[in-house]
Amino acid sequence: MLFTIPGPAGAQHAFLPEAQWIALRSEASGTAAYENLRALTRLHRVPATAEFDQAAALILDRAREYGLQDAHAEQYPIDGSIHYGLMRSHVAWTVEGARLWQIEPQHTLLADWSSDPIRLADYSHSADVEAPLVDVGAGTSANDYAGKEVRGRMVLADGVLSTVQRLAVMKYGAAGIISDMPNQTTAWSGLDTSIVRWGHLDGSLPKGFAFMVSRATAAGLRAQLRSGTPVVLGAHVKAEVGPGHWTVVTATIPGTDAGAGEIVYSCHLDHQRPGANDNGSGCVTILESARMLSRLIGNGSLARPRRGLRFIWGPEVEGTMAYLSAHPDIRRVMRADVHMDMVGGDPFKNKSVLHVTETPWSLPTFITDIGASFAETIRDAATVYTEDGSHEEAAVVESRGGAPGTRNAFIVDVTPYAEGSDHDDYDSSTIAVPSLYLRDWPDIYIHTDHDTLEQIDATKLRRVALLGAASGYTFAGLDGSQSSVILPFLTARAEQRLAKGFQRAQLLALDADRTQEQASSEAHNLMRQTLRREQAALRSFAAFTQSDPPELAPALAALATQAATFNGWLDAIAKRGVHLASSADASSGAHDASAAAAQGSARGFAQRSAAAGHAGMRIPRRIAEFGPLTFQNDDVLLDRLGPERVGKIKLLSGDSSRLVNAQESGAIYAYEIVNFVDGKRSVAEIRDAVSGELGPVSLDLVSDYLQACEEAKIIAFR
Ligand SMILES: [Zn+2]
């Protein structure tokens, strides 16, 4: 049943017969997804609001129309204190109307909720105020308010909205905020001043409202203020923040073997109107994958797979946590996740690249390789098509009969794990459902009124719907009998990554910021962690299929042999002494602990230095509820320890970028440190693991972070 067919017209997959690939490809419709998206983009889909529920109803109608089973909506109460797993729930928001007028020097309507809801920041409270406007710059530090009377007035600010609310409204008594807070930074930032950004106030604060205006509008107001013209605004808001509910829609395609586990498709249904790419696109594309599979399995074109398929649409991260918390039985049988968050951007408009995103190294898996391989098949055919117009079917172009898709290339790559969506939950160690995460990045219009249907390519929607359907269907049907084809395929990809790991290790070995010995030690650690990850990814196929494939042992041995060769080359670099560190750099101290830890784990605990020894040898284990430690509106350490204590966590503090190599943010280290806690690894071994994945970090930073987790009762030491 397995074929490999060369050339862009073929299926080119070791694990899905060509006839099945072509059946899926022919069924995939970018137009169906595009028309569903048109409907979604009319709704302002802030979680726990009436319009979010309208979006949920729309998805539910379609799921039923497409013949999915058990299609229904679930509601989860929220009030800011109910917990779902580790996560504290947020609040709901009801808006009757809101308008912002400029009254002096001229009478103009600046914002109207009924026609343009993005202009009212989420969690704005009721207000009825006519008052002068005061420019406070960013409005995020006390200095911004020095010598300015803002009490009872409105402030014009472009800083982070919740910080402005805390200072201007809560501390200095301002009535409300006019904000031109810019969008996420990209190379194109600031070029289009007509963009209005989506804004959110802090839902836990009891007062304040904010209207969002474009940079151009704000510049006009600032110019009037600078010229001494009094600017008077009238703000009218009727809105309420309080308890409510989250809604999650779910539906299934049952498998033939209830004991074989489930494959889940996820996305997030929330975000501002229009929110076409973020994330209307992911919602309609998993819906299209569902429609295709339901139809083809229903009419017998595809065999019903062993494992069932489950589709989930809810508020980002929060809906996922609520659903997984309410259904521990389902959570435990989920075997893989296909997650889509922004998958339809026309790259020549929103500047996006579609990334097939790997799982974090704490959760090695074979599933990314299967998804990546489907993506590459479409990409290669699309490239040929753009060059000479041939292979239109294989290129999965959505232009039949005047359909709205482009003839663009499929710009897609495979990237390391990146944070920022529901996959953070699935991939975290206490849930451990590996995600095939598909995402556009960057998107110059994300979280703005410009994220419209106009930026979306129906051809791309069709390609990703096919990629998603083929991947999920393959995961659902996998069994050990396919190992003779799949394991060699997976091993070849693992060998490529091992070789890339060596390239990184070689650079580390030459790192002039470390002594020869430290540099060599970190380089060897990187090879050791890379080998461990790739071997674990191959083993994950045996675990997934609950089989004992004969190809596994030779594949693991092949990787070990390859790694041994690379390690020999690293030793040769050390012996040649080509390393460039000066003695001044080497004794600077920042890397001392990290080097000690790396050497410690290389040589075994017996030889570890006394100083690093005790902290490094302790073995943490997870306690408390399931889930990662940060969510959309909740940070567990902040909740449990308070801002003062969290401010002292070295990994997360402002100067951590000096200490944390290779990555600008400590957040991704924090996520992985907690994920590597398994009751077996010592603190030093966790340091080695995150250092291999993300770049060398000191034992001190890892130990200090885990200490805070112990205080917060997330972990306990054995
Ligand atoms: Zn998103």
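How much net charge surrounds PHE676 when only the other residues with a Cβ under 12 Å from the Cβ of PHE676 are counted, with Lys and Arg +1 and Asp and Glu -1? It works out to a net charge of +2. With both residues required to sit in the range 15-163, DSSP beta bridges show an antiparallel share near 65%.
Listed by Cβ neighbour count within 10 Å, with the fewest neighbours leading, ARG119, ARG718 appear as ARG718, ARG119. With contacts defined as alpha carbon pairs under 8 Å and 6 or more residues apart, what's the relative contact order of the chain in percent? Answer for the chain is 15 percent.
The H on the amide N of LEU309, modeled in the peptide plane, is under 5 Å from the matching H of ILE253, GLY255, ILE263, each at least 5 residues off or on a different chain. Placing +1 on each Lys and Arg Cβ and -1 on each Asp and Glu Cβ, with no other charges, gives the range 143-275 a dipole about its Cα centre of roughly 820 debye. Taking a straight line from the alpha carbon of LYS207, these lysines sit under 28 Å away, with near neighbours fewer than eight places off in the same chain left out: LYS148, LYS171, LYS238. Around the Cα centre of the chain, unit charges on the Cβ atoms of Lys, Arg, Asp and Glu (plus for the first two, minus for the last two) sum to a dipole of about 1000 debye. One quarter of the convex hull surface built on the alpha carbon atoms of the range 388-432 amounts to 5.6 nm², the projected area averaged over directions.
Once you keep just the Cα pairs under 8 angstrom separated by 6 or more residues, what percentage relative contact order results for the range 405-520? It would help to have the intermediate numbers written out before the result.
Numbers: 29 pairs, mean separation 23.7, N = 116.
Relative CO of the range 405-520 lands at 20 percent.
Counting every other Cβ atom within 10 Å of each residue's Cβ, ASP346, ASP257, ASP440 order from fewest to most as ASP257, ASP346, ASP440.
Please label the shape of the range 93-242 as rounded, prolate or oblate, based on the square roots a ≥ b ≥ c of the eigenvalues of the alpha-carbon gyration tensor (a/c under 1.5 means rounded; beyond that, a/b larger than b/c means prolate, else oblate). Present the calculation step by step, with values, prior to reporting the outcome.
Numbers: a/c = 1.15, a/b = 1.08, b/c = 1.06.
Cα axes put the range 93-242 in the rounded bin.
Note on LYS500: lysines with a C-alpha under 26 Å away, same-chain residues under 8 apart excluded, are LYS575.
For THR163 and GLU376, what is the calculated FRET efficiency with R₀ set at 41 Å and r taken between the beta-carbons, to the nearest 0.05? Computed FRET efficiency for THR163 and GLU376: 0.40. Any idea what log10 I(q)/I(0) is at q = 0.07 Å⁻¹ for the chain, Debye with uniform C-alpha scatterers and no solvent? Log-scaled intensity ratios, in q order: -0.52. Near ALA121: Cβ cut-off under 11 Å, other residues only, Lys/Arg at +1 and Asp/Glu at -1. The net charge is 0. To check you understand DSSP bridge types, tell me what percent of the beta bridges within the chain (both residues inside) are antiparallel, rounded to 5. The answer is about 60 percent antiparallel. Amide H contacts of HIS450: VAL196, each under 5 Å away and 5 or more positions distant or on a separate chain (H built 1.01 Å from N in the peptide plane; Pro and chain starts excluded). Net charge in the neighbourhood of TRP569 (other residues with Cβ under 12 Å of its Cβ; Lys, Arg +1, Asp, Glu -1) is +1. Here is how the number arises for the chain: DSSP H runs of 4 or more residues each give -39500 (n - 2.57), the sum is divided by the residue count, and the result at 222 nm is -13000 deg cm²/dmol.
Readers should treat all values here as calculations from the given coordinates under stated rules, not as data from a laboratory. Being a predicted model, the structure only gives us computed values, none of them experimental. As a convention, Cβ positions derive from the backbone with ideal geometry for all residues, glycine included, and neighbour counts pool all protein chains shown.
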